[in-house]
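For reference, the structure is listed below as structure tokens.
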Amino acid sequence: MISDSVCPSVSVVGATGYAGGELVALLARHGGVSLGPLYSGPEGARVPFPRLHRSLAGQTGPEAGPLDVDGLLEARPDAVFLATPNEVSAELAPLLLDWDPGLRVIDLSGAFRLSRAEDYPAWYGFPHPRPELLEEALYGLTEWVRGPVGSARLVANPGCYPTSVLLAVKPLLALLDAAQPVVCDCKSGASGAGRRGDVAYSFSELAGNLRPYGAGTHRHEPEMREQLGLPEDAPFVFVPHLLPTVRGLLSTVHVGFSRPVEGDEISRLYAEAYSASPLVDVWPAGTLPDLNAAVGTPRAAIGFTLLSGGRRAVLVSVIDNLLKGAASQAVQNLNLLFGLDATEGLA
Ligand SMILES: NC(=O)c1ccc[n+]([C@@H]2O[C@H](COP(=O)([O-])OP(=O)(O)OC[C@H]3O[C@@H](n4cnc5c(N)ncnc54)[C@H](OP(=O)(O)O)[C@@H]3O)[C@@H](O)[C@H]2O)c1
């Protein structure tokens, strides 16, 4: 049975990572949950609670210890967050759900974001171990979740680049000219790559630099195509870049319309999409947010400028990759699953 506890107990696997640390910090001040066991990798370090995130200094809570699946299940949490690498989530989520069908799993990785198992070897580099769960998983861009979610057991938290692009483009889909490319020029702070030790992500390589990477090969591309309902041959370009900053993600999206549009029409479509979404800020026509508009917050900021007599537009969408792009989005999903206020723990 799925339990809808008033105060769900939650556990985090990957609490020692960048996204997991942010998540623990949010959950620690969330009035509607109780924080259960926290885990690093199976060979990972024990990390005292205050060291999981700088905002936890002086606070008490569970330390993070090496993953112990039996211990996790014995604690009988209502929900488990997986802030783990894709392959790890792909194995761990089914294991947890098989053991306790009433558990809710919110996965921050890409392991359950694509609906087709055959896309996993090409885009993620591994065959999907449990394709049937791809059909079951709820794609958790909460502002666009429609219908009841009461019985959802598995949530695929969206990718950081897709979050920024989808929030900006989805409200305008009906206006787009299918023959013109959607061009996504996206830039993220280096924390988007996690705590990896590669030289390519070292301070000396990134500081004072701006690096394009993964054009045409980034695994967020099929996620965006699918969520925008674009066929594989639709003209769609996604070029991510690494910014010489720690956090923050700014997407500049170029779109073409099938007829000239007015700024008021775009503003109206955004208002219809987001007037009931307390964490999405739509800027007035002709004004574009910068990185600071969202960094350090669980919010998204979206602006647009019309070009070519209203036949084209530049959309700019900004989020904090570790918050709306990961941890705070995961908390929004928890709130949704358990019927809590949308901004509980985030306002
Ligand atoms: N960073 C972002 O901006 C961002 C945004 C959206 C989504 N995501 C996704 O969120 C997930 C975590 O990303 P991150 O950036 O936080 O990565 P990260 O900093 O590298 O942290 C990874 C976490 O997973 C743990 N882990 C590694 N192998 C494990 C295993 N076999 N079993 C259990 N835990 C294991 C690590 O524990 P140890 O400390 O023991 O190594 C660490 O706590 C990834 O799937 C990523 O794609 C990240």
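The values are calculated or read from the model by the stated rules, or taken from the named source; none is laboratory data. Everything quoted here is computed from the prediction, not taken from an experiment. Heads up, the Cβs are rebuilt from the backbone with ideal geometry, glycines too, and the neighbour counts pull from every protein chain shown. When the accessible area is computed, the model is the full protein with side chains, heavy atoms only, and any ligands, DNA or RNA have been set aside. Shrake-Rupley method; radii C 1.70, N 1.55, O 1.52, S 1.80 Å.
Odds and ends about this structure:
- Accessible area per residue for the chain is 41 Å², calculated with a 1.4 Å probe on protein heavy atoms, without ligands, DNA or RNA.
- Note on the stretch 1-113: with charges restricted to the Cβ of Lys and Arg (+1) and Asp and Glu (-1), its dipole about the Cα centre is near 540 debye.
- For the stretch 321-338, the residues whose backbone nitrogen is under 14 Å from a point 7 Å from the Cα of Val246, taken along Cα to Cβ, are 321-323.
- Distance from the stretch 60-125 to the stretch 247-303 (C-alpha centre basis), Å: 32 Å
- Angle of helix 160-169 to the longest C-alpha principal axis of the chain, folded into 0 to 90 degrees and rounded to 10: 40°.
- Nearest-ten-degree value, helix 327-337 long axis tilted from longest Cα axis of the chain: 80 degrees
- Using a probe radius of 1.4 angstrom, the carbon and sulfur fraction of the accessible surface of the stretch 62-215 is 54%.
- Across the alpha-carbon atoms of the stretch 225-347, the computed radius of gyration and Dmax are 15.8, 46 angstrom.
- Kirkwood radius for the chain, taken over all pairs of different Cα atoms as the inverse mean of 1/r, rounds to 20.6 Å.
- For the chain, the longest principal axis of the alpha carbon atoms and the long axis of helix 86-99 meet at an angle near 50°.
- Just so you know, the Rg over Rh for the stretch 83-157 is 0.94, from Cα atoms, with Rh as the Kirkwood radius.
- Normalised contact order of the chain, rounded percent, pairs of Cα under 8 Å and 6 or more residues apart: 18 percent
- Take Lys170: with every protein chain present and a 1.4 Å probe, its accessible area is about 40 Å².
- Value of [θ]222 nm, deg cm²/dmol, for the chain, DSSP H segments ≥ 4, -39500 (n - 2.57) each, nearest 500: -7000 deg cm²/dmol
- Annotation for Glu205 and Ser267: the two label points, set 7 Å from Cα along the Cα-Cβ direction, are 4.5 nm apart.
- Here, the stretch 188-251 yields an orientationally averaged convex hull projection of 4.7 nm² when only Cα atoms define the hull.
- Top of Ala122, Ala300, Ala79 by mean-square fluctuation, Gaussian network on the chain, Cα under 10 Å: Ala122
- Amide H within-cut-off set for Cys7, under 5 Å, with H built and near neighbours excluded: none
- Per-residue SASA entry for Ser109, accessible area with 1.4 Å probe, Å² rounded to 10: 10 Å²
- Between Glu344 and Arg51, the distance separating the two model label sites (each 7 Å from Cα on the Cα→Cβ line) works out to 3.2 nm.
- Phi-derived couplings, Karplus 6.51 cos²θ - 1.76 cosθ + 1.60 at θ = phi - 60°, listed residue by residue for the stretch 54-71: 4, 6, 9, 3, x, 9, 10, x, x, 6, 8, x, x, 4, 9, 4, 4, x Hz, with x used for Gly and Pro.
- Label-point gap, in nm, between Thr287 and Ala193 - each point 7 angstrom along Cα→Cβ: 3.5 nm
- Between Glu118, Glu232, Glu91, the residue with the greatest mean-square fluctuation in the GNM of the chain (Cα pairs under 10 Å linked by springs) is Glu232.
- With bins 5 Å wide beginning at 0, the percent of Cα pairs of the stretch 13-142 falling in each bin runs 2, 10, 20, 22, 19, 14, 8, 4, 1, 0.
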